[in-house]
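This report concerns only the one structure given below.
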Amino acid sequence: MLDKTDGKIVLGGECVREELFIAPTIVKDCTGDDSLLSDEIFGPILPIVPVDSTEEALAFVNSREHPLALMAFSNDPKYREHIFNNTQSGSCLANECLFHAGCFVIPFGGVGTSGYGKSLGYYGFETFSHQRATLDSPGWLDLQPLTGFKYAPLKSSDMPFIKFFWGEGPVNLPRAPGTPGAETQKKGWLSIFGL
């Protein structure tokens with residue numbers, strides 16, 4: 001990547017492939033299609049893309065895939081908030097670029113092409129765990145008239161139970177807020193459980 005850049009190396013640039021060594025390197029005057037911006041860099045190379053304003057920088061960031069982390073360096077909290085509120089990234093860091101990956105009380109992970117899920121601490125446990133739902137329905141629930149109406153064929157005598165559990169109409173499940181009829185819909189007893 002470094003040997004194909006169109007930018008100017010202003011610091012570092014030494015590489016020893018046999019030793020897997022890359023010196024901390026700063027490359028200025030990179031463009032959006034530079035080799036250093038074509039993929040993630042997991043190494044000590046910092047490409048710098050010149051912009052004329054914060055809005056131009058935000059437009060540049062938002063025109064690309066979402067980064068794993070986005071850093072804003074400023075003592076102005078309103079400036080940092082503006083950056084964070086107008087971009088998407090796996091993480092937002094203010095005046096910091098090192099400690100995030102070792103801070104186990106906040107999640108570390110990407111969004112979109114920069115990754116899915118989170119790692120580290122509690123968040124890593126949650127990401128790599130599966131919460132399996134289990135439901136053990138006792139047999140007496142299937143007795144008429146409790147919930148035996150859930151099996152076909154339905155009889156007209158089952159309708160009062162259906163209306164009690166699901167509301168008016170043959171099947172009248174609650175609608176999402178903001179959808180037509182959600183305000184006037186009659187909800188049955190099971191709607192308190194989200195059914």
With 0.36 nm assigned to each residue of separation and the Cα-Cα distance removed, Lys150 to Tyr122 gains 6.0 nm
antiparallel share of DSSP beta bridges within the stretch 1-107, to nearest 5, in %, is 45 percent
Gyration tensor on Cα atoms of the stretch 30-150, a ≥ b ≥ c root eigenvalues, a/c under 1.5 rounded, else prolate if a/b beats b/c, else oblate, says prolate
For the stretch 1-88, the accessible surface attributable to carbon and sulfur atoms (probe 1.4 angstrom, ligands and nucleic acids excluded) amounts in percent to 53 percent
Relative contact order as a percentage, the stretch 1-56, C-alpha pairs under 8 Å and 6+ apart, gives 34 percent
Non-local residues with an amide H under 5 Å from the amide H of Gly109, with H modelled 1.01 Å from N and Pro and chain starts lacking one, are Ser119
Rounded to whole Å², per residue accessible area for the stretch 51-128 with a 1.4 Å probe reads 66 Å²
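The values are calculated or read from the model by the stated rules, or taken from the named source; none is laboratory data. Here the structure is a predicted model, which is why all the values come from computation and not from measurement. Ligands, DNA and RNA are excluded from the accessible area calculation, which covers all protein heavy atoms including side chains. Shrake-Rupley method; radii C 1.70, N 1.55, O 1.52, S 1.80 Å.
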